[in-house]
Amino acid sequence: MSMERTYQKREIRPLTEADLEAYLDIYLNSYPAYKTLDAECREHYREKHRLELREDRQVKTVGLFEDGVLIATMKLILFSMNYFGRMQPACGLMALEVHPLHKKQGAALEMVRYFEDYAREHGALLTLLLPFRIGFYRKMGYGFAGKLYEYHLPTTSLPALDQEMRKHLRLMQPEDFDEALACHRRFAARNHGMVEKHEEEIRGARGDIQVRRIGYYGSGGTLLGYAAYRFESASETNYTQNRISVEELVYENGAVLRALLGALRLQEDLAQTVVLRTGEEDFHHLLNDPQDVSKRYIDFGFLQTNVSAVGTMFKLVDARRFVEKTAYRRFPVGTLNAEFRYYDEMGHRDECICIRFADRCWAITEGDAAADVTVACGQGDLASLFMGSCELAGMIRLGAVSVSDDARAQELSRLLHCNQKPWLNSDY
C-alpha cells in the first residue's frame, strides 16, 4: 500500500480576519520564544494581527491552504531601498512559518516561489530575508548583504564629547518620534543598502516607551542624527551595574556620530559598558582602544574588538533588469566586457549575463562583443558581487568563483568595488 500523500488542492491567498485563529495556531507554535500560550497571550497576538490586516498597506500577510486548511503563512513587505544612492523598490519576506504537522512537504519552497513572483509583480529589484536556516536559502539562490558588527565596550572607550557639540544635543521626547522617523528616512537615502522603516516596525518603535533617544540638531533646528538606546541590567545582584544597549545610530556625517557617541559616554556613571551595532567595517578606527569587554586573546597577538554576523540575504529578481535600473551607478574609469555564468536555483537552468563597462557606466550586451573575462559563480554570489557586499578579487582568492583570465578579472574587481558595503538593521 502506497504511503505517498496526494494533495487535492493548494492555493496561496491573502489572509482575512476569518483566518485569524488558524493563523495564531501556526504563529504561536512556530515562534515559541517569549510566549506563554495562555489566553492573554493569544488575545494579544489576535489583536495585533487584526490591526495589521486592517491597517497595513506596505505589509501583506498571505497563507498557503491545502484542501481549504491553512498550513503555512508569511508576510511580504514592499520596501523602499537605497541602491547606490537612489531609492527603488525591494521586497522582503518576514515570518515564514509552517504548521507543525505539515513540515517537510514542500510548503516553504512553495511560499518562497510565491514571494519571488510577488516581488516581480511589484517591480522589486531585490528580494530580502532574514534567515533562520542560511543553507536553506543559499540553495534557493540567496547571497549575503554586508555584515553587522556588534561591539561591547567599556563606556569610557567611546570618543569624548566635544564641548562645542554639546549645545546641539537634546534629549528627545515621545512626541519627537515623527521627527526621528524623517531623520531615518534621510539616513536611508544617503546609505547604500538601507531601507526605510515599514509599518509594523514603525508601530513597534513608536510604542516602545523604554527606548530613549538623544538627538543632534543643526543650527537651523533640523534633526541631523540620533542615538536610540535603552538601559539594561548587567548584574542579578547589583542594581548599580548596567549597560547601554544602542538600538540605532543615525547620523548625517561623522561629526554628528562622534557627538552622539560622546553623549552616550556621558552616561558612564549609570552604565559601565555599552553595546552597539554597526555595518561600518572601519568603526574600530574611531576608538582609541577598541578592545571589547571579553578581553579575549586570539593567536597570535590579537585582541577581540567585536563579534560579526551575517543577517540579511538577498537575491536578484532579474539580473538583467537590475543592471538596467541601476544604469546611473558610477564606476571607475575603464572599459571591459564581462560575462557572468550562474545556475538559476529555482528555475533549474544555466544562465548567462553579459555586461559592458564603459564611460563609467554598465549596460547589458547581447553577446555581440566577445567577453574579456568570464566569471562562473553561484546565483547568490552574483547578487553579492553586483551589490558590492563582497570583492571579486577576494572571492577568486578563496576559490568561491572561477574566472577565465586572472589579469582581466582583477580589472573587473576594481570596477565592481563599492565604497560602502550594503547593510541594514531593520526589524522584519
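Read the figures in this text as sums done on the coordinates, not as results from a lab. Since this is a predicted model, take the numbers as computed values, not measurements. Reconstructed Cβ throughout: ideal geometry from the backbone, glycine too, with neighbour counts over all protein chains shown.
Between Lys139 and Asp67, what's the calculated FRET efficiency when r is the beta-carbon distance and R0 is 41 Å? Round to 0.05. So the FRET efficiency works out to roughly 0.90. Charges were assigned to the Cβ only: +1 to each Lys and Arg, -1 to each Asp and Glu. The resulting dipole of region 148-309 about its Cα centre is roughly 280 debye.
Highest first, please rank the peptides 243-252, 265-274, 288-297 by the mean number of other Cβ atoms sitting within 10 Å of their residues.
Numbers: 243-252: 20.9, 265-274: 17.1, 288-297: 13.5.
Going by the mean number of other Cβ atoms within 10 Å, highest first, we get 243-252, 265-274, 288-297.
Considering only beta bridges that DSSP places wholly inside the chain, some 90 percent are antiparallel.
Our note on the geometry: Cα centres of region 168-237 and region 357-428, 35 Å apart. The helix-only estimate of mean residue ellipticity at 222 nm for the chain, built from DSSP H runs of length n ≥ 4 each weighted as -39500 (n - 2.57), is -8500 deg cm²/dmol after division by the residue total.
In debye to the nearest 20, how big a dipole does region 10-129 give about its Cα centre with +1 on each Lys and Arg Cβ and -1 on each Asp and Glu Cβ?
440 debye
As an exercise, identify the chymotrypsin sites (Phe, Trp or Tyr not before Pro) in region 194-250 lying in DSSP coil whose Cβ has no more than 16 other Cβ atoms within 10 Å. Don't jump to the answer; show the numbers that get you there.
Working: sites: Tyr216, Tyr217, Tyr226, Tyr229, Phe231, Tyr239; in loops: Tyr239.
Sites meeting the loop and neighbour criteria: Tyr239.
Of the labelled figures (i) 2.24; (ii) 1.09; (iii) 1.15, only one reflects Cα Rg over 2.2 N^0.38 Å as derived from the coordinates, namely (ii). Counting other Cβ atoms within 10 Å of each Cβ, which chymotrypsin sites (Phe, Trp or Tyr not before Pro) in region 137-189 have at most 15 and sit in a DSSP loop? In loop regions of region 137-189 (DSSP not H, G, I, E or B), there are no sparsely surrounded chymotrypsin sites (Phe, Trp or Tyr not before Pro). Ordering Phe331, Phe357 from the fewest to the most neighbouring beta carbons within 10 Å gives Phe331, Phe357. Please state the relative contact order of the chain as a whole percent: Cα pairs under 8 Å, 6+ residues apart? In percent, rounded to a whole number, it is 17.
So how much slack lies between Glu17 and Arg330, counting 0.36 nm per residue of separation and subtracting their Cα-Cα distance, in nm? Present the calculation step by step, with values, prior to reporting the outcome.
Numbers: separation 313, 0.36 × 313 = 112.68 nm, distance 4.77 nm.
Taking Glu17 through Arg330 to full extension adds about 107.9 nm, to one decimal.
Between His102 and Leu37, the FRET efficiency estimated from the beta carbon spacing at R0 = 22 angstrom works out to 0.65.
Quick check for you: which residues of region 142-173 have the amide N under 20 Å from the point 7 Å beyond the Cα of Lys295 toward its beta carbon? Under cut-off, by backbone N: 151-158.
How big is the charge dipole of the chain about its Cα centre, in debye rounded to the nearest 20, if each Lys and Arg gets +1 on its Cβ and each Asp and Glu gets -1 on its Cβ?
Details: 54 positive and 62 negative charges, 78 e Å.
Dipole magnitude for the chain comes out near 380 debye.
With 0.36 nm allotted per residue and the present C-alpha distance subtracted, the Ser404-Asp56 stretch has 120.4 nm of extension available. The residue among Thr305, Tyr216, Asn191 whose Cα reaches farthest toward the positive pole of the charge dipole of region 148-309, with charges on the beta-carbon of Lys, Arg, Asp and Glu, is Tyr216.
Taking other C-beta atoms within 10 angstrom as a stand-in for reagent exposure, Arg13, Arg330, Arg185 fall in the order Arg330, Arg13, Arg185, fewest first. Of the residues His285, His152, the one with the fewest other Cβ atoms within 10 Å heads the list, and the complete ranking is His285, His152. Can you name the helices of the chain, as whole DSSP H runs, whose Cα span along the helix axis is 27 Å or more and whose Kyte-Doolittle mean is not below 1.6? Counting only whole DSSP H runs, no helix qualifies.
Taking 0.36 nm per residue of sequence separation and removing the Cα-Cα distance, the Glu281/Asn253 pair yields an extension gain of 8.5 nm.
Sort 105-113, 159-167, 392-400 for me by packing, meaning the mean count of neighbouring Cβ atoms within 10 Å per residue, highest on top.
Working: 105-113: 17.8, 159-167: 12.3, 392-400: 14.7.
In decreasing order of mean packing, 105-113, 159-167, 392-400 become 105-113, 392-400, 159-167.
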